[in-house]
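Please read the structure below before turning to the comments.
The values are calculated or read from the model by the stated rules, or taken from the named source; none is laboratory data. Worth saying up front: this structure is predicted, and the values here are computed from it rather than measured. Quick reminder, even Gly has a Cβ in these numbers, built from the backbone with ideal geometry, and neighbours come from all protein chains shown.
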Amino acid sequence: MPTHTFVLNGQPVTVEAPDDMPLLWVLRDKLGVTGPKYGCGVGVCRACTSHLDGQEFQPCTRSVKDCAGHTVTTIEGLADGETLHPVQEAWLSCDVAQCGFCQPGQIMAAVALLRRTSNPTDADIDQIQNVCRCGTYPRIREAIKQAAARQPAQP
Amino acid sequence: MPARTGAVSPARRVPPISTSIAPSDSTGRPGDAGQPHPLNRPGTATEAGPHLTRDASADTSTDTTAAAGPTGRRRFLTYLLAAPTLTIGARLGLDTAAPATAQAATPGAAQAAQAAHAAAAARDAAPPQLLGLPGIPDVIDLGDAMILAGLPTSHLLVLEITPAGRAVLYLPRLEVGQGLTTAIAMMVAEELDAKLTDVDVPLSDGRPELLFNQLTGGSNSVRSLYDPVRGAAAAARARLVTAAARRWNVPADSLRTADSAVLAPDGRRAGYGELAADAATVVLPAVPGTPKPADRLRLVGTPTGRIDARDIVTGRAKYAGDLQVPGAVPTVVARPTTVNGTLKSLDASAARAMPGVLGVVQIPSGVAVLAETFDQALKARDALRTSWNPGPVAGLSDADVKARLRSAHLPFLIPPLLTQYVDGEFDFAFVNHAPMEVLTAIADVRPNRAELWFAAQSPIVAQQTIAAELGLPQSAVTVHVVRGGGSFGRRLFFDAALEAALISKAAGRPVKLMWTRNDDMRHGRMRPASHHRVRATYALGQVLSWEHRAATVKTDLGHGLGEALSAAGFSLSVAGLSLAQAFFLLTEKNPYNVGVPTQLLSELPLAVHTGSWRSVYSGSVRVADEIMMDELARRMGQDEVAFRRARLRGAAGRAVLDTVAAKGDWGRPLPPGQAQGIGYHDEHGSIAAYLVELDATDRANPRVTKAVIAADVGRVINPKGLEAQLTGALVDGISVILQAGNHLDNGAFREGSYGDFHYARQRHTPPTVEIHLLPPSGSPGGAGELGVPAASAAVANAYARATGTSPRSFPINF
């Protein structure tokens, strides 16, 4: 079986998996990284949203082979140890979550948006496609604005 | 001694899990003579109704608080359980239907709402209208019935204070995002004077001895648990104080408690953890174990973030699919091409030969594939060569279902011979629950026992059913209840757990079964499609009659609710009612004085998978009624809000309506193509009104641009949690009215994922949402489902006003 090497949440990992295995199942079933969630498997619910080289992507529709040699960040790798990322802090401050299942993906999508646009408008925020079946959207909007206000210059 | 429903003899109080019992009843709370529940305040039609009041002045042993204030009606039966550390049991389900407590201090933020409340009371002399008949839910609603069902079970809610200083409340309910664990932790921390961060609320395994007291549904959890949880925590606090008094040899009443510790006037301090073992020996506490009066609440009623929020934002929160149960292998199921189809032929040879595949197993609902990873299981599932027999509804499509529903109606009773009338007919589509976390269950079935892990709203029924299917005694089956990623009614059913058990038994190994999104969209459960006929007659400015005929595809209520209602004394067969009709009667009412209202349900049995969907019948029945209220108001030349206000039976309801109208600036001019819409609903002992503004300039893509929400839920435990529920209901209303539903095409559901099931995204929700909570009073009402009917109605009414149309079929863009 082929092996694939990439950087996962700051650590190099090598994993044996078929080339076409979606990264989501490599993360969840082979590496025990369960922050990215399965919600549809076809990239529309975006509950698995993570970062590939700092850009938002959906591991359920990206093969492990395509990730080899790249840097993957999941929700588990967002905080700096026990120091949360400002977007995570904003999520706590606004008490965004209800069931919480989509929130790792929502947070990763928000971080990616703030990297693209440090001061997003409502129209920018509306472009986020991640589904939240509990309907936490208004608090997601508020949290993104709060994070933007506190962190004008995103790295 | 007054008759008291559910009174128990001392012998029956003995809980089976305890070996040493010391009843520590305490009665009454200062201030209990305060304001009654919002829906039962003077001036409402319900005041004459036989409310479920139980006078508990009898049969008490220690009432040391009566001198502190008016004696109330409530009592708190708690027990010291034999354990090395302080462990308190509290009777579940006792007295929670009694009217309630004192008026609390009003938070500053709610002063405007209070003013509106007062103004409403001043204007309480509503214009003269024909009195309507109160509905059954005005007198006893579903939640009351569920609480009654729990009364005869003398089993216990358990609170433990560990030597490490943790206060652990074992919760016999499911957390699916509704914020219950946080609300419960707040109640415990409040009555213990503990830090919120010192409280843990794990979900109890299925406990069959709880009978009807482990069903999460009906917006009933806070309503049914508020008193027992407070009672347990207050009893624990009394014993901790007593233990400290003994240790320091000082009078117990000289001590106080704060921040998880007992404090002496001289500055000595003992943490709860270090007192826990001593407190376990305190049979008779030296201070009363009585919950606080409302005016001393410091945490309950305060906006509080979820206790699991940090776990969620760091990805540490574990759902069933995230659990690592040794040996449990990824498993998926190939399913028929039509709903309830059956396997005709199977060739699994190619699938079995694929890498990672560990087994192929046939079960009644399909063919299971076990593999080392879900990816391999899914690929092998796709490699199965199967053919399927058509299911019982093959050939049936939406149009057929609609036609059958129309012909299933019971006739109207009142012919509009001499009066003017308005008729309306409404269609509501099937709607999938679509919780974000797909159904997932881990099962480990061995020859003599079985163990399951899943998000269960009805773990006891699941345990009974799975045991029967496996041929095991119920006691040999353990159900571990795991947090759920959303539910909306879906997890009342344990479809995946039952399948997982059968697969594990057949395969002889533990399995982790996951339904795909497609599985749940096409073979999962739906809010039943329904058709409604509403007719109102009127003359001389008066509504004379209101008839509502609902015909719905039969709702599957087979998750223990029927047993609960029977236990509550509803003899369904004698009354000639189906379970669904009993449920309908207990939940559906018209809140307005509209002459003689009748509401009847007809059910169309159809072999598709249905289930209660957040707000159940109210999600269509009350929406149709609210649309008709708007149309009738316009027909009679009246403003839609004023028309409702003049007919609302309760003053509390008028206050909520007034608040939303004032805060939402009802009637403000908007450009063409945009309009406001109003919706009102009361249920579960709570009231909500929604005012939305909607831009329908592009009718294919209408957008709610602003929402203002007002609610009175009686005693608010956590305003942040309540606001979250009201907001979620808004997004549900936007979704099911404008764009989200499921089509039945020739016996199969068309939609397969969120790509075609159009539950709202961020771009469909209003940038501005304002929520106004009326001042807390009385006991807590339910709030999980409350907002859905009012929000849906407001969206539909705004669309109608913005477009000048009369929408009749939902979702509108489907």
Problem - Complete set of residues in the stretch B:737-748 that are within 12 Å of chain A (Cβ to nearest Cβ) and closer than 27 Å to B:Arg645 by Cα - result: none
Handout entry: Answer from B:Ala501, B:Ala568, B:Ala580 - the residue that is buried (at least 19 other Cβ atoms within 10 Å of the Cβ), among the small types (Gly, Ala, Ser) and modelled with pLDDT of 95 or more
Key = B:Ala501
Problem - the stretch A:78-114 - residue that is within 9 Å of chain B (Cβ to nearest Cβ) and small (Gly, Ala, Ser) and, of those, farthest from A:Thr5 (Cα to Cα) - result: A:Ser93
Exercise for the section: Can you tell me which residue among B:Ala279, B:Ala334 is more than 14 Å from chain A (Cβ to nearest Cβ), closer than 21 Å to B:Arg230 by Cα and hydrophobic (A, V, I, L, M, F, W, C)? Expected result: B:Ala279
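Here's the yes/no breakdown for (1) of a type in the set (A, V, I, L, M, F, W, C); (2) crowded, with 18+ Cβ neighbours inside 10 Å; (3) outside the structural domain of B:Asp198 (by TED's automatic domain parsing); (4) out of contact with any Phe, Trp or Tyr (no Cβ under 6 Å at 6 or more places or on another chain):
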site	(1), (2), (3), (4)
B:Ile312	yes, yes, yes, yes
B:Gln324	no, no, yes, yes
B:Ala348	yes, yes, yes, yes
B:Ser365	no, yes, yes, yes
Completion exercise
If we keep only residues of the stretch A:21-36 that are at the interface with chain B (Cβ under 7 Å from one of its Cβ atoms) and more than 13 Å from B:Asp322 (Cβ to Cβ), then the residue surrounded by the fewest Cβ atoms within 10 Å (Cβ to Cβ) is A:Lys30
Problem - Condition met for B:Pro776 (part of a loop (DSSP other than H, G, I, E, B) and in contact with a Lys or Arg (Cβ under 6 Å, 6 or more places away or on another chain)) - result: yes
Exercise for the section: Given the conditions (1) of a type in the set (Gly, Ala, Ser); (2) buried (at least 17 other Cβ atoms within 10 Å of the Cβ); (3) under 12 Å from the mean Cα position of the chain (by Cα), report the number of the one that A:Gly39 does not fulfil. Expected result: (3)
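From B:Arg446, B:Arg509, B:Arg491, which residue is crowded, with 23+ Cβ neighbours inside 10 Å and basic (Lys, Arg)?
Being crowded, with 23+ Cβ neighbours inside 10 Å and basic (Lys, Arg) holds for just one of B:Arg446, B:Arg509, B:Arg491, which is B:Arg491.
Test of understanding: among B:Arg622, B:Arg668, B:Arg614, which residue is at pLDDT 95 or above, under 18 Å from B:Phe430 (Cα atoms) and part of a loop (DSSP other than H, G, I, E, B)?
Answer to the check: B:Arg614.
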Practice task
Go through the stretch B:656-673 and give me each residue that's touching a helix residue (DSSP H, G or I) at 6+ places or on another chain (Cβ under 7 Å) and more than 13 Å from B:Val708 (Cβ to Cβ).
Solution key: B:Gly673
Exercise for the section: List the number of the failed condition for A:Val44; all other conditions in (1) in contact (Cβ under 8 Å) with a residue 60 or more places away in the chain; (2) more than 30 Å from B:Gly752 (Cα to Cα) hold. Expected result: (2)
Completion exercise
Exactly one of B:Ser487, B:Ser530, B:Ser475 is polar (S, T, N, Q) and within 14 Å of chain A (Cβ to nearest Cβ), and that residue is B:Ser487
Practice task
Would you check if A:Ala47 is over 16 Å from the mean Cα position of the chain (by Cα), modelled with pLDDT of 95 or more and crowded, with 22+ Cβ neighbours inside 10 Å?
Solution key: no
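In this structure, does B:Thr386 turn out to be surrounded by fewer than 18 Cβ atoms within 10 Å (Cβ to Cβ) and of a type in the set (Val, Ile, Thr)? Step through it out loud before you land on a result.
Numbers: surrounded by fewer than 18 Cβ atoms within 10 Å (Cβ to Cβ): no; of a type in the set (Val, Ile, Thr): yes.
So B:Thr386 fails the test.
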Practice task
Would you mind finding the one in B:Thr337, B:Thr290, B:Thr302 that is among the polar types (S, T, N, Q), surrounded by fewer than 21 Cβ atoms within 10 Å (Cβ to Cβ) and within 31 Å of the chain's Cα centre (by Cα)?
Solution key: B:Thr302
Practice task
Quickly run through the stretch A:113-145 and pick out the residues that are in contact (Cβ under 8 Å) with a residue 60 or more places away in the chain and surrounded by 20 or more Cβ atoms within 10 Å (Cβ to Cβ).
Solution key: A:Asn130, A:Val131
Exercise for the section: Scan the stretch B:177-193 and give yes if some residue there is touching a helix residue (DSSP H, G or I) at 6+ places or on another chain (Cβ under 9 Å), assigned to a strand (DSSP E or B) and within 24 Å of B:Val262 (Cβ to Cβ), otherwise no. Expected result: no
Exercise for the section: Answer yes or no: is there a residue in the stretch B:310-325 that is in contact (Cβ under 8 Å) with a residue 24 or more places away in the chain and more than 14 Å from chain A (Cβ to nearest Cβ). Expected result: no
Practice task
Among what's in the stretch B:700-736 and is among the polar types (S, T, N, Q) and crowded, with 24+ Cβ neighbours inside 10 Å, pick the residue that is nearest to the other protein chains (Cβ to nearest Cβ).
Solution key: B:Thr727
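When residues of the stretch A:123-155 are filtered for being touching a Lys or Arg at 6+ places or on another chain (Cβ under 9 Å) and either within 7 Å of chain B (Cβ to nearest Cβ) or modelled with pLDDT of 95 or more (or both), how many remain?
11
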Practice task
Name the single residue, out of those in the stretch B:749-764 being touching a strand residue (DSSP E or B) at 6+ places or on another chain (Cβ under 7 Å) and at the interface with chain A (Cβ under 10 Å from one of its Cβ atoms), that is surrounded by the fewest Cβ atoms within 10 Å (Cβ to Cβ).
Solution key: B:His764
Problem - Single residue of the stretch B:151-200 satisfying the filter (surrounded by fewer than 24 Cβ atoms within 10 Å (Cβ to Cβ) and acidic (Asp, Glu)) that is nearest to the other protein chains (Cβ to nearest Cβ) - result: B:Asp200
Practice task
Take the stretch B:464-518 and flag every residue that is acidic (Asp, Glu) and under 18 Å from B:Gly359 (Cβ atoms).
Solution key: B:Glu499
Practice task
Have a look at B:Gln463, B:Gln474 and point out the one that is touching a residue at least 24 places away in the same chain (Cβ under 8 Å) and out of contact with any strand residue (DSSP E or B) (no Cβ under 7 Å at 6 or more places or on another chain).
Solution key: B:Gln474
